[in-house]
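No lab work stands behind these numbers, since they all come straight from the coordinates. In this text the structure is predicted, and so the values were computed from the model without any measurement. We place every Cβ from the backbone using ideal geometry, glycine too, and count neighbours over all the protein chains shown.
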Amino acid sequence: MACPLCEQAARAGRGKHPWLIAELAESFALLGDNQGPRGWCVLVLKEHAEHVADLTADRQARLWDDVRHTAAAQRAVFGPVRINYECLGNLVPHVHWHLIPRHADDPQPRDPVWLWPRERQAGSMKDEDRRALVSSLRGALGR
Ligand SMILES: [Zn+2]
């Protein structure tokens, strides 16, 4: 499969994605590979579409519901200072949202995380801590 997010969505759909938080109406909520900012989530549209505008208005509304429910879960779990909502598609043109909690100990609070050094974005979270986060966020989503 050529699109890496189609591949991730397929794994999530089979229940084989290790960092699946929940299947939502239009997307799979995943704990992101990068955990520099703790709780960074990525919502991946269930099937390939390059542009949000290619979705019907109803689907766009349901996708936004996915975004706001996930953000509410992040707020419940972490109480972040803010959440950055980013739907870019510059590197992988498959509709996905980055929901990036920005915490009180944020080392560069004025910058988008894309300006952080690569290793700071990635963080050094252990798998057991990642699993605990997935579980907490899933619980906060009511799943
Ligand atoms: Zn795709």
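If one computes the Cα centroid of the stretch 46-69 and of the stretch 125-142, what distance in Å separates the two points?
24 Å
Using a 10 angstrom cutoff on alpha carbons, build the Gaussian network for the chain and name the most mobile of P112, P18, P80.
Maximum fluctuation in the GNM of the chain, among the listed residues, is at P112.
Between helix 127-140 and the chain, what is the angle of the helix's C-alpha long axis to the longest principal axis, kept within 0 to 90° and rounded to the nearest 10?
That helix lies at roughly 60 degrees to the long axis.
Net charge near V44, counting Lys/Arg +1 and Asp/Glu -1 over other residues with Cβ under 11 Å of its Cβ?
Taking every Cβ under 11 Å from that of V44, the sum is -3.
For the chain, give the magnitude of the charge dipole about the Cα centre (Cβ charges: +1 Lys/Arg, -1 Asp/Glu; no others), in debye to the nearest 20.
380 debye
Alpha carbon centre of the stretch 15-32 versus the stretch 83-106: separation in Å?
Result: 15 Å between the Cα centres.
Explain nothing, just the number: relative contact order of the stretch 78-143, from Cα pairs under 8 Å at least 6 residues apart, as a whole percent.
Across the stretch 78-143, relative contact order equals 23 percent.
Sorting check: for 130-137, 36-43, which peptide has the highest mean count of neighbouring beta carbons within 10 Å, and how do the rest follow?
Answer by packing, highest mean first, reads 36-43, 130-137.
Over the chain, what is the relative contact order in percent, taking alpha-carbon pairs closer than 8 angstrom and at least six residues apart?
Relative contact order, the chain: 29 percent.
With equal scatterers on the alpha carbons only and no solvent term, can you work out the Debye log10 of I(q)/I(0) for the chain at 0.18, 0.21 1/Å?
-1.07, -1.44
First measure r as the distance between the Cβ atoms of N90 and E128, then evaluate 1/(1 + (r/R0)^6) with R0 = 35 Å and state the FRET efficiency to the nearest 0.05.
So, using R0 = 35 Å, E works out to roughly 0.60.
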